[in-house]
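Each remark here refers to the structure printed beneath this line.
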Amino acid sequence: MSMKAQRDHTTLNRDIIRLRAGKKVLFQPRIDCWYHDRIFRDGTLSGPYAGMDRHDLYCALDVSPRVYEFNGCVERYDAVPVNRWEKPLSPLETEIHWDTPVGSISYIWYRNTSNAGEYYKTWPVKTEEDLKVMIWIENNTMWRWNQAHYDAMSVEWENMGLPSIFLPRVNIQKAMIESMGVEGTVYGLMDFPETMEEYFEACENNAMRMIDVIVDSPLEWLNFGDNIHGGVLSPQLFEKYVLPAYHRRNVVLHAAGKFTFAHWDGDCKPLLKYARECRLDGIEAITPVPQGDVTIDEIKEALGDEVFLVDGIPAILFDEIYPEEQLIATVKELIEKFAPRLILGISDEMSSTGNIERIKLVRDFVDEYNRTCE
């Protein structure tokens, strides 16, 4: 890393979530999609950002990243050895195998040709027997703290923003996104519900083992990277599975003084009514119209004066098909309605078609607003 942060974003980040910053706002946009698409396509950035890596780009833009580089501070390991191996099937496909003492599972991982994205072509869990193997894996996953990684990242990302990590997705979200897919999860709940319940319990116990490590760590704000989407997760499923998991985690984390926020980046209208019941400190990536399915007023009504909004600016407003005036009007409305419980950012990320110079436009507006708060 060659560049340094131009200001202390970390202290402002901390002061805002601890309600010590008055009504000041931190602008913390996520621009990873824009950045990685260009690196994938061209191998480097161009123009005034030529040769910059992600860290230097944030320094050049003089804004704060959400510093998830600290994910490696909490390492997973197997209590009983699992043989993980892979077999290339084609230039774009790799078959992954996990061999355990209770059986084996496999899946196919697929790479894109247009960007660096990867996804499941087949799921690890296809049958009830596969799920039993996955339960064993969850029950035998352990966690430990890596101080060397924390120290290295603290130097590398000094003053850029508070260190953060993702916690494992809650039970049903983990099934839908990581192990079974939406269709497989729905069929599993109907065809072998007792085994599904055992899997969900194993997932939550695993997450709590990780939380036990985090409780004694210097990490202050923690993300539940759940990718909640009301289009596939019904209110009934949310009440039955997600709410109890949030409550269990937050009891322990809040007792340790941690700030928690969850990632809701899909359509949220059916689930917003639960926002305050989750006992979270904040919710990340709720996306208002014209991109999402809720208005800013609906978000405010749901969060009230209790829950932080993390992000809030529809990503598509950074595309030139929308006027700059609309972008700034949205930023102004978000600040007026949510500060001081606001970490301003992009819901969810600026796309590869966004105009990176609009980041500076919002930065300057926020800087001018913050000067009025001094």
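All of the numbers you see were taken from the coordinates with simple rules; none came from a lab. Please read these numbers as outputs of a predicted model, since none were measured by experiment.
Here is how the numbers come out for the structure above:
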{"quantity": "Over segment 95-218: Rg over Rh, Cα atoms, Kirkwood Rh", "calculated": "1.04"}
{"quantity": "D_trans [Stokes-Einstein, Kirkwood Rh over alpha-carbon pairs] for segment 305-350, 25 °C, 0.890 mPa s, µm² s⁻¹", "calculated": "227 µm²/s"}
{"quantity": "Computed P(r) (all Cα pairs; segment 242-374; 10 Å bins; percent)", "calculated": "12, 42, 32, 13, 1"}
{"quantity": "Reduced Cα scattering model of segment 170-329, Debye log10 I(q)/I(0), q = 0.19 Å⁻¹", "calculated": "-1.21"}
{"quantity": "Hydrodynamic radius by Kirkwood, which averages 1/r over all alpha carbon pairs of the chain, in angstrom", "calculated": "21.9 Å"}
{"quantity": "Per-q log10 I(q)/I(0), segment 1-81, q = 0.13, 0.14, 0.26 Å⁻¹ (Debye; single scatterer per alpha-carbon; no solvent)", "calculated": "-0.56, -0.63, -1.28"}
{"quantity": "Euclidean distance of C-alpha centroids, segment 233-290 and segment 69-143, integer Å", "calculated": "27 Å"}
